[in-house]
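S.K.: Structure in structure tokens, see below.
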Amino acid sequence: MLDQTPTNSKIVAAYRERTPESAQLAVEAHRLLPSGITHDSRYCEPYGIYVEHAKGSRKWDVDGNEYVDYYGGHGALLLGHNHPSVLAATQEALGHGTHFGSNHRNEVRWAELVTKLIPSADRVRFTSSGTEATLMALRLARAYTGKSKLVRFLTHFHGWHDHMTAGHTSHFDGTPTTGVIPGITENTILLPPGDVTALREAFARHNDIGAAIIEPTGSGFGTVPHTRTFLEALREETRKAGAILIFDEVVTGFRVSPGGAQQEYNVIPDLTTLAKILAGGLPGGAVAGRSDILDELDFKAAETKQREKIAHPGTYNGNPVSAAAGVAALGIIGTTDACAQANRYGEQLRARLNEELARAGAPWAVYGTFSGFHTFLNPKRRPLDPTRFDPLAIDYRELSGNPKPLAQKIRLALLVNGVDINGRLGGVISAVHTADDLQRTVDGFRSALSMVKAEGEMPPIAA
Ligand code: PMP
């Protein structure tokens, strides 16, 4: 049931006032969908906005409110909503048919673009989502090495299949999350993020590590960042151990740079998982990497090597409409400075928002790298200058431990002021966010901060 109890929060009241149509839809949705939603990160109290349409960097809800969008299709929209070339390619593909049950031209073009852009990609296998991509990468690694253990890092996200759930937002002790059997997590080694010593010790202790998977700019696109040195240490340890290094570039691929984080850091994994931008805003994913590893999927190679091939069906693998959108998007990203533009805006946005925090006397900080931003709500109430905040000096539990009720209130206050960011108070930027978007965001942020302050949610911290 949707909570419709009266509120004494002016922020919640203002939100409800602006969004009656969304409220109505949320009532219906709660009858039909668990929590009224279709993706956990869209959970919002009292209810989320219902969006009618979107264009470029903006979106409009069913009540006609306009938002500067930092959700960016969960990161899929580096080129913004309905980029004209991507839209045209998608429409053309739709006219040709949505599913051939056969090979088609664009899947070849698409794979070619992936191998051109992503340094580690010799060959590609398309999937329907990022979750499927990490599942296949793990299976490839285990099949190739014959070793079962998977190294993962606490708070890192790799989709929702059984092997990737413990230690993301809960079960940091490695016990299985609900619905997952212990046999799965028994084969996972969960390590603290960014800790080179713990990493080296784990590789010294275990001789059955088949794979390590990591979000290469840190968990949650750098909510918990690590250094390049950490990536290099991981590369070195996996190589020494004969384990497969998987970079999960579902968010960072085609975003951080056209070649992803691996190009930016010049640390090259054995396998890379991709999704989001890969398919130009439509559903799609891929695992790409070394030919000899992808051979585990190859009929002839399996025969020659007398190995059992990994089976891989999937109705929507390489779907022609997703492929067309992906070819159009990657074509643009590979030949323009779209990534750099989004990164530049990111730098400006973080700096401007921190100026606002400092001006408001808020003991919080906005941080991030490339085209992302995150907000640190300082749960331990440390003295903090937002303009000098260094997330590398803060423990990962604290960085990912924003108090939820406060985050929720700030998020609603931003929505009331025409800015949509995610529930963890972060977001992604597109190459089509403009100076006007930046100004609107800064103004909206300032106004949201004063609403939050007026509700007593920003008590000063004694130095
Ligand atoms: N890996 C990472 C780093 C992700 O951010 C996500 C999705 N947010 C996934 C994997 C899963 O991708 P999908 O939602 O397409 O299954």
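The values are calculated or read from the model by the stated rules, or taken from the named source; none is laboratory data. Being a predicted model, the structure only gives us computed values, none of them experimental. Here the Cβ is made from the backbone with ideal geometry for all residues, glycine too, and neighbour counts use every protein chain on show. Keep in mind that these areas ignore ligands, DNA and RNA; they rest on the heavy atoms of the full protein, side chains included. Shrake-Rupley method; radii C 1.70, N 1.55, O 1.52, S 1.80 Å.
S.K.: What is the set of long-range amide H partners of Arg123 at a cut-off below 5 Å, with H atoms built 1.01 Å from backbone N?
M.R.: Gly289, Ser291
S.K.: Also, I was wondering about something else. Determine, from the Cβ-Cβ distance of Arg397 and Arg307 and an R0 of 45 Å, the FRET efficiency 1/(1 + (r/R0)^6), rounded to the nearest 0.05. Mind showing how you got there, number by number?
M.R.: On the way: r = 42 Å, r/R0 = 0.94.
The computed FRET efficiency comes out at 0.60.
S.K.: Do any GluC sites (Glu not before Pro) in the stretch 177-253 lie in a DSSP loop with no more than 15 other beta carbon atoms within 10 Å, and if so, which? Before the final figure, lay out the partial values.
M.R.: Working: sites: Glu186, Glu201, Glu232, Glu236, Glu237, Glu249; in loops: Glu186, Glu249.
Counting only loop positions with at most 15 other Cβ atoms within 10 Å, the GluC sites (Glu not before Pro) in the stretch 177-253 are Glu186.
S.K.: Here is a further query. What number comes out for accessible area per residue over the stretch 84-335 if the probe is 1.4 Å? Units Å², please.
M.R.: 41
S.K.: Let's test the formula: R0 of 30 Å, r as the Cβ-Cβ distance of Ala204 and Asp292. What FRET efficiency results, to the nearest 0.05?
M.R.: Details: r = 27 Å, r/R0 = 0.88.
With R0 = 30 Å, the Cβ-Cβ based efficiency is 0.70.
S.K.: Taking the mean number of other Cβ atoms within 10 Å as a proxy for protection, how do you rank 31-37, 277-283 from highest to lowest? Intermediate values should be presented prior to the final figure.
M.R.: On the way: 31-37: 12.4, 277-283: 26.6.
Order by mean packing, descending: 277-283, 31-37.
S.K.: With the crude spin-label approximation of a point 7 Å out along Cα→Cβ, what separation in nm comes out for Lys380 versus His30?
M.R.: It works out to 3.8 nm between the two label points.
S.K.: Measure off 7 Å from each Cα along the Cα-to-Cβ vector at Glu232 and Leu94, then give the distance between these two points in nanometres to one decimal.
M.R.: My value for the distance between the label points is 4.9 nm.
S.K.: Now, a different point. So who's got an amide H within less than 5 Å of the one on Glu52, skipping anything under 5 residues away but keeping other chains? H placed 1.01 Å off N, in plane.
M.R.: Placed amide hydrogens put Trp60, Asp61, Val62 under 5 Å from Glu52.
S.K.: Take the Cα atoms of the stretch 252-295, find their three principal axes, and give me the spread along each one in whole Å, biggest first.
M.R.: Ordered largest first, the stretch 252-295 gives principal extents of 30, 25, 9 Å.
S.K.: Per 5 Å bin, what is the whole-percent P(r) computed from every C-alpha pair distance within the stretch 312-398?
M.R.: 3, 12, 17, 14, 12, 9, 8, 10, 9, 5, 2, 0
S.K.: List every residue whose amide H lies under 5 Å from the amide H of Ser128, counting only residues 5 or more places away in sequence or on a different chain, with H placed 1.01 Å from N in the peptide plane.
M.R.: Sorted by chain and number, the residues that satisfy this are Gly285.
S.K.: In terms of solvent-accessible area of protein heavy atoms at a 1.4 angstrom probe, what is the ranking of Thr7, Thr185, Thr169, highest value first?
M.R.: Numbers: Thr7 55, Thr185 20, Thr169 100 Å².
The residues order as Thr169, Thr7, Thr185, largest area first.
S.K.: Can you classify the stretch 99-138 as rounded, prolate or oblate using the Cα gyration tensor, where a ≥ b ≥ c are the square roots of its eigenvalues, rounded means a/c under 1.5, and otherwise it's prolate if a/b beats b/c and oblate if not? Intermediate results must be reported in sequence, preceding the final value.
M.R.: On the way: a/c = 2.63, a/b = 1.11, b/c = 2.37.
The shape class here is oblate.
S.K.: Output the Kirkwood hydrodynamic radius of the chain, Cα pairs only, in Å rounded to one decimal. Provide the component values of the computation, followed by the final result.
M.R.: Details: mean 1/r = 0.0434 Å⁻¹.
Result for the chain, one decimal place: 23.1 Å.
S.K.: In nm, give the distance between the simple-model label positions of Thr175 and Asp3, each being 7 Å from the Cα along the Cα-to-Cβ direction.
M.R.: 2.6
S.K.: State whether the stretch 206-326 is rounded, prolate or oblate according to the following rule on the C-alpha gyration tensor (a ≥ b ≥ c being the square roots of its eigenvalues): a/c under 1.5 gives rounded; otherwise a/b larger than b/c gives prolate, and the remaining case gives oblate.
M.R.: Working: a/c = 2.37, a/b = 1.08, b/c = 2.20.
Taking the square roots of the gyration eigenvalues as a ≥ b ≥ c, the stretch 206-326 is oblate.
S.K.: I've got another one for you. Against the empirical 2.2 N^0.38 Å scaling, what ratio does the C-alpha Rg of the stretch 84-335 come to?
M.R.: Values: Rg = 17.8 Å, N = 252, 2.2 N^0.38 = 18.0 Å.
For the stretch 84-335, the normalised Cα radius of gyration comes out at 0.99.
S.K.: Here is a further query. Loop-only check: which GluC sites (Glu not before Pro) in the stretch 300-364 are DSSP coil with at most 13 other Cβ within 10 angstrom? All intermediate terms of the calculation are to be shown ahead of the outcome.
M.R.: Numbers: sites: Glu303, Glu308, Glu347, Glu355, Glu356; in loops: Glu308.
Here the GluC sites (Glu not before Pro) that fit, given the DSSP loop and packing criteria, are Glu308.
S.K.: Run the accessible area of the stretch 9-125 with a 1.4 Å probe and give the carbon-and-sulfur part as a rounded percent. All intermediate terms of the calculation are to be shown ahead of the outcome.
M.R.: Numbers: 3220 of 6370 Å².
Within the stretch 9-125, the accessible surface is 51 percent carbon and sulfur.
S.K.: For the ranges 133-144, 312-323, what's the packing order if you count other beta-carbon atoms within 10 Å of each residue, average per peptide, and put the highest first? List each step's numbers first, then the result.
M.R.: Numbers: 133-144: 24.2, 312-323: 18.8.
Highest-to-lowest ranking by the protection proxy: 133-144, 312-323.
S.K.: Let me ask another. Between beta-carbons, use under 13 Å as the cut-off and find the net charge around Phe445, counting Lys and Arg +1, Asp and Glu -1.
M.R.: Numbers: positive: Arg350, Arg352, Arg359, Arg411, Arg440, Arg446, Lys453; negative: Glu355, Glu356, Asp420, Asp437, Asp443.
It works out to a net charge of +2.
S.K.: Quote to one decimal, in nm, the extra length available between Arg42 and Asn82 on full extension: 0.36 nm per residue of separation minus the C-alpha distance between them. Let's see the in-between values first.
M.R.: Details: separation 40, 0.36 × 40 = 14.40 nm, distance 2.12 nm.
Fully extending the segment from Arg42 to Asn82 adds 12.3 nm.
S.K.: Accessible area, 1.4 Å probe, largest first: how do Tyr43, Tyr345 sort? Walk me through the intermediate numbers first.
M.R.: Values: Tyr43 105, Tyr345 15 Å².
The ordering from most to least exposed comes out as Tyr43, Tyr345.
S.K.: Can you return the lysines within cross-link range of Lys305? Criterion is Cα-Cα under 20 Å, with same-chain partners fewer than 8 residues away left out.
M.R.: Answer for Lys305, where 20 Å is the Cα cut-off: Lys147, listed by chain and number.
S.K.: Another one. So how do 375-383, 239-247 stack up, highest first, on mean other-Cβ count within 10 Å? Please report the intermediate quantities before stating the final value.
M.R.: Working: 375-383: 16.1, 239-247: 22.2.
Ranking, from highest mean packing down: 239-247, 375-383.
S.K.: Additional query: What does the charge count near Ala358 come to, summing +1 for each Lys or Arg and -1 for each Asp or Glu among other residues with Cβ under 12 Å from its Cβ?
M.R.: Details: positive: Arg352, Arg359, Arg388, Arg446; negative: Glu355, Glu356, Asp385.
Cβ neighbours under 12 Å give a net charge of +1.
S.K.: Can you pull the percent of Cα pairs in the stretch 218-264 with separation above 13 Å?
M.R.: On the way: 667 of 1081 pairs.
Everything past 13 Å amounts to 62 percent.
S.K.: Here is a follow-up. How many angstrom lie between the Cα centre of the stretch 223-259 and the Cα centre of the stretch 1-66?
M.R.: 37
S.K.: Now, a different point. With θ set to phi - 60° and the Karplus curve 6.51 cos²θ - 1.76 cosθ + 1.60, what are the ³J(HN,Hα) couplings of the stretch 220-226 in order, to the nearest whole Hz, using x for Gly and Pro?
M.R.: x, 6, x, 4, 10, x, 9
S.K.: Next up: Report ³J(HN,Hα) in whole Hz for each residue of the stretch 73-83, in order, from the Karplus equation J = 6.51 cos²θ - 1.76 cosθ + 1.60 where θ = phi - 60°; Gly and Pro get x.
M.R.: After applying 6.51 cos²θ - 1.76 cosθ + 1.60, I find x, 6, x, 6, 10, 4, 9, x, 6, 6, 3 Hz.
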